[in-house]
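Contents: one structure, followed by commentary.
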């Protein structure tokens, strides 16, 4: 990956709907070589997909909850079952296995606390958990989907 590829990715992270001609102009290429580079980034898996970012507040999804999960089970079979349960909840935006005080962390988006409680009840009915702690985001100070491309090699 070179500086042109990083510039292309910066453009696409800013607006995935930009026409190739606009991207080409911004990065200093003609349209066809720019299109070829984008195709290569897609085929290599660097550019996984292009999506639309929606306004959560306008869609009545203004509550973000960070859910820390502890379990006494640490075997592969349990993790596979837990993952199957969690990935089927549309409210779960992100799901991580962690080091430190909690075993797993989820970022959940819901309209309100009642909706979160309903989510929580469905979760604990489907899988055995040792401890679940929920932290409600009071204010979103920074949110981005753009990766820091200065590190890309």
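Nothing in this text is a laboratory measurement; each read-out follows from the coordinates by a stated rule. Note that the structure is predicted; figures quoted are calculated from it, not measured. All Cβ positions, glycine included, derive from the backbone under ideal geometry; neighbour counts span all protein chains shown.
Counting only alpha carbon atoms, the long axis of helix 113-126 and the longest principal axis of the chain meet at about 70°. Computed packing ranks the peptides 142-150, 82-90 as 82-90, 142-150, most packed first, by mean other Cβ atoms within 10 Å. Normalising by residue count, the range 61-151 has a Cα convex hull of 130 Å³ per residue. With each label modelled as a point 7 angstrom along the Cα→C-beta vector, the residue 21-residue 88 pair spans 4.8 nm. Between the range 24-46 and the range 58-87, the C-alpha centres lie 37 angstrom from each other. Expressed per residue, the C-alpha convex hull volume of the chain stands at 155 Å³. Relative to its Kirkwood radius, the Cα radius of gyration of the range 3-43 gives an Rg/Rh of 0.89. Of 128, 103, the sequence from fewest to most neighbouring Cβ atoms within 10 angstrom is 128, 103. Averaging the sequence gap over all C-alpha pairs within less than 8 Å and six or more residues apart, then dividing by the number of residues, gives the range 52-124 a relative contact order of 40 percent. The equivalent ellipsoid that matches the C-alpha gyration tensor of the range 97-150 spans semi-axes of 25, 18, 10 angstrom, in descending order. Using a cutoff of 8 angstrom between alpha carbon atoms and counting only pairs six or more residues apart, the relative contact order for the chain works out to 29 percent.
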